[in-house]
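Asks: Submitted below is the structure of interest, expressed as structure tokens.
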Amino acid sequence: MNFVPSFVAVSFAIAGLIAAAGPVIIHLLNRRRYRVVHWAAMDFLREALQRNRRILTLRDILLLLLRTVAVLLVGLALARPFFSSSDQAYDGSKPLHAVLVIDNSLSMGHESLEGTLLDQVKERARRFIDQLPADSRVTIIPLCGSRAGYSPDAATKESALQSLARIELVDRSASVLRAINEAQRACELGPALGRRIVIFSDQQRSNWRDLTRPDQFEGLPPIQVVDVSAVDTQNTWVSAFRVQDGVADVETPTTFLVEIRYDGTDPRRDVEVALRVDDQEVASKTVTLEPGQGAREVSFQHLFNAHQPEPGKSLSVPVKVSLTPDNLPADDERHLVVHVVAALPVVFVDQYGADEEDPVKNRLGETRLLRKLLAPLASRAESAQQLVRVRHVKLEQVTQELLEDTRLVVVAGVADPGDQTALLRDYVEQGGQLFLAAGGAFDPARNSGFDPVRWTESAWRDGAGILPAPLLPEPLGASPDDAGRELRPFFLSFESLQAHQYFQLADVDEQDLRDLYSEPFFFKAVRADVSDAVLDGLRQAERKRLEEEELFVAQAQSRRRQAVESGGEAAVDETTRRMLRDDEQREGLLRQSWLLWSHQLAADGEPSLPDDPRQQARRWDTMAERTLPRVLARFDDPAGTPFLLARRIERGEVLFAASGLLSNWNTLPTSNAVLIFDRTLRAMIQATLPPRNFGPSERIALPLPTGERDVVLYVRRPDSGEQAELLDTGFVGRDQLGFSIDQPLARGLYRVTALRTNGNGGNGAIGGGAARETAWELPLAVNGDADESELQPLSRDQFDARVGNAAVRWVGPNEEISLAGTQVSGQGSWWWLIATVLGLLLVELLLVGKSASKLASRPAGPLPTDRFQLTTDH
């Protein structure tokens, strides 16, 4: 605790200190008032003088101390001191700069008889602002952002109250670390006044996740954290909502998975879970939630037969799940925009192709099983309404024209990709999805001269090919034809499957899943080399490639900018013109895209290259790390050989299955576990569809869904009712025309509407334009983090353990927010100082009175010999 006086208090304290020196000076002067003259006749008195001197010295020193301390304490009492953990002085007559950080996260919408937690925060903040001295400045910071934005600049008290009233709940999580950083920034930009930082929050434990050590508060101004946590923390919420298979079609029912969590002490009964499609309720279930149950999964099935997507395209359909509301209604629903598709082109490449495959002769291509999974009615006219349109070809029949509108390429059972590696790599880099599988003609025992070594040479290319990782020469196990009696099957490792949603099924418990994935026997598989040496080599190669590419783009842009500033290409010399033309040619190669649907993917959101070399290095390291292969599933052999291996290449992804799909390498085709490939391929197809589901962010940037540019765009937000907001169109990426929605912070459905000029009369759909009609509508869903719904506040003891001795004070619900700083105490200490002074004076009187009484009790007569001393003036 530090002594915190004002200027006037300091003045009184200094005056008291000077006055306290008075008794000391008088004592020293008295010691020099007389000069002792030694007289030999008085030597016989020396013994008596030495005996009394000790008593006299002790009394004088004691009186000196009492008088000095008394005078000093009088000065301190006049200073009216108090104690605080702040080093700032507080004078109630002088203005302050108050920085108020308001937690407006989703959990602050918890309701009670006093209103929401955010309402209670606003009321406490208003009272605090009203108590500020005149001419004070206030900065209001909505911790989780605001659609209207906010300024870190200080404002008057009246303006601050208006800003406080405009703060709304957003679907975001709060962070105390962010609150501190924002407050510190506001202090740096604010006026040179005494600063008071107050953070209003419901003190969720998750808010303190980033602050774990007291030293993280070093160098910060004193802070008060006001606790407004809910008394009743019981809550039910939708923690996840998704389509089990990623995409939906119009011929097979779509399974929706709803994950519900409950935190409370008593069971919550008769909770209705409702599913709505296009704002129409299509199904509902009633559940009972038990305490400590964890996540409860509820599944629905719905057939989108009322929707008719165009062949080869997707239709965006809004879906919503909701619960019976509780005290935090904002998290009792979750939204999803589902892609309903029909006849998306998928290319299947195997050893036979459509021309040579003959079921009668048992000439079945290795991809036949996957074709039947994704398109069971491929031979009938109704196949136009199925999920995919099958294109079954041999490897040499794959061309750029064939792949232009293809969403997924499946290559299985071929001996060697050969010269097609470059084309397939280009396809993946633009956003295409590629699935590779062994088996068939891949088998070196059946095709002399073709083996995994050749695959590695033609398809790995030191990471610049299409394989996620190089293949080792020796396979794992042997097929029944080669093994004979030495057949040693192996199985999938169930533990390796639990980490990915590909392998999770609705309404199937863990034991049933374990039984399901233990069905297939595996006899043979190729082995991918994912050793540390290979990963490190790939990491370094990718980092070098990314560094060279980004540096080239930055330098090319700089050269173009300099040419423009110099007067254009005509004003520069021939060498510069040649460099500019080379830049355009190389940039054209980097940007070339012949995939017809690639423009529908998310806008290129990579920020420009930073100037700081350290930030550049971190960026390249992060981007290189994303390109490393990931093991999604393993076999149960001692080495844990990868079964499914994935790798991201630019905008697309490659997935490699280490065993066959229809050959005698395993028994997958005869087991139900083969359904994992149906889910896997559906998820890969979903990755090629434009994004429609987002988290709350500063900005959503999307390309225009059609090639139409002469349109006017509006958006209706979930928190704005029917009020439409005009959107600007422009470039949202490199050569990518689109639109952006700023501050989509509220949970719910955002509807983007495009209007075009129709040349006729009539009223426009939006804005009252007489010559406009709706060109298209696009739904987008925004959902925040489910962790925000866990209403577990930090206890005071946990708070003290985190902040330690830092200048951070907890303000409880019934405690006042201090204007004087952080930890204020001892305001009445002046009274105790005065009482102490009176006590010291009383002791002094007793000592002096005792000495006087002794002197008065002595008989009259000549002075005793032990008191006699010859003195002379100095």
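The values are calculated or read from the model by the stated rules, or taken from the named source; none is laboratory data. Computed from a prediction, not measured in an experiment: that's the story for all the values here. Note that we place each Cβ from the backbone using ideal geometry, even for glycine, and neighbour counts take in every protein chain shown. Areas reflect the complete protein model, heavy atoms only, side chains present, ligands, DNA and RNA absent. Shrake-Rupley method; radii C 1.70, N 1.55, O 1.52, S 1.80 Å.
Asks: Would you calculate the volume per residue, in Å³, of the smallest convex hull containing every Cα atom of the stretch 669-712?
Replies: Dividing the Cα hull volume of the stretch 669-712 by its residues yields 113 Å³.
Asks: Where the Cα atoms of the stretch 264-340 are projected onto their three principal axes, how long is each span, largest first, in whole Å?
Replies: 52, 22, 20
Asks: Less than 15 Å Cβ to Cβ from Q293, Lys/Arg counted +1 and Asp/Glu -1: what total charge do the surrounding residues give?
Replies: Within the 15 Å Cβ shell, the charges total -3.
Asks: Still on this structure, I have one more. Cβ under 14 Å from A154's Cβ, A154 left aside: what net charge do those residues give with Lys, Arg +1 and Asp, Glu -1?
Replies: 0
Asks: Let me ask something else. How would W460, W831 line up by accessible area, probe 1.4 Å, largest first?
Replies: Final ranking, largest accessible area leading: W831, W460.
Asks: Distance check, please: which entries in K122/K320; K361/K524; K361/K394 exceed 23 angstrom between their Cα atoms?
Replies: Going by Cα-Cα distance, K122/K320; K361/K524 fall outside the 23 Å limit.
Asks: Same structure, new question: Might you tell me the accessible area per residue for the stretch 421-527, computed with a 1.4 Å probe and given in Å²?
Replies: That works out to 45 Å² per residue.
Asks: So what does log10 I(q)/I(0) come out to for the stretch 443-537 at q = 0.10, 0.26 Å⁻¹, using the Debye formula with one equal point on every Cα and no solvent?
Replies: Scattering profile of the stretch 443-537, log10 relative to I(0): -0.41, -1.21.
Asks: While we're looking at this one, here's another question. Obtain the nm distance between the two label points defined at S518 and Q308 by a simple spin-label model: each point lies 7 Å from its Cα along the Cα-to-C-beta direction.
Replies: Here the answer is 5.0 nm between the modelled labels.
Asks: Note down the net charge around L644, summing +1 for each Lys or Arg and -1 for each Asp or Glu among other residues with Cβ under 13 Å from its Cβ.
Replies: Net of charged neighbours comes to +3.
Asks: Let me ask something else. Per Stokes-Einstein, at 4 °C and 1.567 mPa s, what whole-number D in µm² s⁻¹ belongs to the stretch 223-294, with the Kirkwood radius over Cα pairs as the hydrodynamic radius?
Replies: My calculation gives 85 µm²/s for D.
Asks: Moving to a separate point now. Would you calculate the separation in nanometres between label points at L675 and S795, each defined as 7 Å from the Cα along the Cα-to-beta-carbon direction?
Replies: Between L675 and S795, the simple spin-label model gives 4.6 nm.
Asks: Relative to the compact globular guide of 2.2 N^0.38 Å, what is the alpha carbon radius of gyration of the stretch 185-278, as a ratio?
Replies: It is 1.83.
Asks: Taking θ = phi - 60°, what integer Hz values does the Karplus form 6.51 cos²θ - 1.76 cosθ + 1.60 yield along the stretch 176-184, in sequence order, with x for Gly and Pro?
Replies: Going residue by residue, I get 5, 4, 5, 4, 5, 5, 5, 5, 5 Hz, with x marking Gly and Pro.
Asks: Also, quick follow-up: Rg (Å, one decimal) plus Dmax (Å, integer) for the alpha carbons of the stretch 130-241?
Replies: 15.6, 52
Asks: When the Karplus curve 6.51 cos²θ - 1.76 cosθ + 1.60 is applied with θ = phi - 60°, which whole-Hz ³J(HN,Hα) does each residue of the stretch 692-706 get, with x for Gly and Pro?
Replies: Each residue's phi maps through the Karplus curve to give 10, 10, 9, x, x, 8, 6, 6, 10, 10, 9, x, 5, x, 10 Hz.
Asks: Also, quick follow-up: May I ask for the Kirkwood hydrodynamic radius of the stretch 664-757, worked out over all distinct Cα pairs and given in angstroms to one decimal?
Replies: Kirkwood radius, the stretch 664-757: 16.3 Å.
Asks: Full-extension gain between E474 and E401, please, as 0.36 nm times their residue separation minus the C-alpha to C-alpha distance.
Replies: Net length gain for the segment: 22.6 nm.
Asks: Keeping the other protein chains in place, figure out the carbon and sulfur percent of the accessible area of the stretch 637-750, with a 1.4 Å probe.
Replies: 47 percent
Asks: Send over a whole-number figure in Å² for the accessible area per residue of the stretch 711-756, probe 1.4 Å.
Replies: I get 42 Å² per residue for the stretch 711-756.
Asks: With the full set of protein chains in place, find how many percent of the accessible area of the stretch 220-314 is carbon and sulfur; take the probe as 1.4 Å.
Replies: Summing carbon and sulfur atoms, their accessible area is 40 percent of the total for the stretch 220-314.
Asks: Which ³J(HN,Hα) values, rounded to whole Hz and listed in residue order, are derived for the stretch 305-320 from phi using the Karplus coefficients 6.51, -1.76 and 1.60 in 6.51 cos²θ - 1.76 cosθ + 1.60 with θ = phi - 60°, glycine and proline given as x?
Replies: Listing the rounded values in order: 6, 8, 10, 10, x, 5, x, x, 10, 10, 10, 8, 10, x, 10, 9 Hz.
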